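Worksheet: one structure, shown below.
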Amino acid sequence: MAELIDGHGRRVTYVRISVTDRCNLRCVYCMPEDQKFRPLPHLMSREEVARAARLLASFGIEKIRLTGGEPTTRPDLPGIVSDLSAIGFPGGIALSTNGVLFPRMAHELLAAGLTRVNISLDSAEAEHFRKIARRDHFQPVRDAIDLALSLPFEAVKLNAVVIRSFNDDQVLPLAAMTFGKNLHVRFIEFMPFGDNEWTEGDWVGWEEIRGRLELEGYELTPTPKSPVAGPADEFRVVSPRGAHMGTVGFITPVSDRFCDTCNRMRLTQDGFLKGCLFGHNDVDLLRPMRMGASDEELAALVRRAAEAKEQRHGMFVGMDKGWLPLHNRNMSEVGG
Ligand code: SAM
Ligand code: SF4
């Protein structure tokens, strides 16, 4: 089987496929209230996602994550998972979701072959949640977490973006959720996208978050990382309450600690293969697919996209003049 090696010698083993740009929340750091969505025919159909996935599997891609936008807004999501599962990805099929609609399809997704679930939750408290997500759906998300934990998924993780003076007071309550539950909470550094008005002052680095936990008596010990793991560094936790069942992790795109070992590419909902979240060397697979390209022609495009994968993300321009964010699509449009 061919391997997919990028232009900098890194092997690509993990692809995040965005299945929609639509969402039922409007998280302030991700999309504006009046976000415009692509016309539905511009999104990959279930069959097109499966064709792209078969192609990726032929390059030895081991793990797929389905993301968006909010993937559960697609009624055919269980069908997509079952197609991927039939193709076979040894590192599993994971889902990133905001959790709101997850309970409606959780059993179906599990039966279709979903192995891992990441649920986004940036606050452990309802009123705060509403300010961040601009929607009143805190309880359904909490219910989704409990349901996911009760089902035999390989892992249930919780993703929290931390923004200074907005939700950084939630670090401790969110980390506390790993006590007595097999839940893995990962803090994500806030990134600049589209029009989210990122400023350096809003950003809270992982070392500061870790320091805050340590001040509260949390002891963090690094856990070993699997070769198909995502970018998080995860830690076992002992707090004044005792040993926690779950772990705490950090995803540190702004501190920039993981480009050297990057094993990932992304497929956007409109069919572009992207080397980097902040990259511009995207290669279109969907239009050639719709124009009748053969598998060999599509395989050449996949190789071209890997060769063009950026060495490091260019999240900021003119670093010498301060951290001026580069203009980029919103996270929901790229596929988080
Ligand atoms: N809707 C799903 C969800 O919220 O999990 C999947 C898509 S969402 C774009 C994927 C992840 O990107 C979420 O964990 C979200 O918190 C994160 N995200 C979105 N905008 C971000 C930003 N500006 N900085 C850091 N993470 C961000
Ligand atoms: Fe929707 Fe996820 Fe973006 Fe929030 S982070 S607006 S849930 S896509």
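Roughly what angle does helix 138-150 make with the longest principal axis of the chain, taking Cα atoms, 0 to 90 degrees, to the nearest 10?
Compared with the principal axis, the helix lies near 80 degrees.
Checking the a/c ratio against 1.5 first, then a/b against b/c, what shape does the Cα gyration tensor give for region 138-222?
Working: a/c = 2.21, a/b = 1.36, b/c = 1.63.
In terms of gyration-tensor shape, oblate.
How big is the gap, in Å, between the Cα center of region 254-297 and the Cα center of region 107-175?
27
Taking the Cα atoms only, what angle lies between the long axis of helix 295-307 and the longest principal axis of the chain, rounded to 10 degrees?
40
If R0 is 22 Å, what FRET efficiency do you get for Arg290 and Asp76 from their C-beta distance, rounded to 0.05?
Working: r = 18 Å, r/R0 = 0.83.
After rounding, the FRET efficiency stands at 0.75.
By DSSP, what percent of the beta bridges with both residues in region 1-148 are antiparallel, rounded to the nearest 5? Please list the in-between numbers first.
Numbers: 1 of 14 bridges.
Looking only at bridges with both residues in region 1-148, the antiparallel portion is about 5 percent.
Tell me which cysteines of the chain come out unpaired when the rule is another cysteine's Cβ under 4.7 Å.
Those would be Cys23, Cys259, Cys262, Cys276, since no other cysteine Cβ in the chain comes under 4.7 Å of theirs.
Within region 5-20, whose backbone N sits under 16 Å from a point 7 Å along Cα→Cβ of Asp260?
Answer for region 5-20: 8-11.
Pulled fully out, how much extra length does the chain show between Arg241 and Arg303, if you take 0.36 nm times their separation in residues and subtract their Cα-Cα distance? Kindly include the intermediate steps, with their values, before the conclusion.
Details: separation 62, 0.36 × 62 = 22.32 nm, distance 5.04 nm.
Value of the extension gain: 17.3 nm.
For Cα pairs less than 8 Å apart in space and 6+ apart in sequence, what is the mean separation divided by the residue count of region 241-284, i.e. the relative contact order in percent?
On the way: 28 pairs, mean separation 8.9, N = 44.
That works out to 20 percent.
Could I have the simple spin-label model distance between Thr221 and Ala155, label points 7 Å from Cα toward Cβ, reported in nm to one decimal?
Modelled inter-label distance: 1.9 nm.
No value in this document is a laboratory result; all are computed from the given coordinates. What you are looking at is a predicted structure, and each value in this text was computed from that prediction instead of being measured. In this analysis, Cβ positions are derived from the backbone assuming ideal geometry, glycine residues included, and neighbour counts consider all displayed protein chains.
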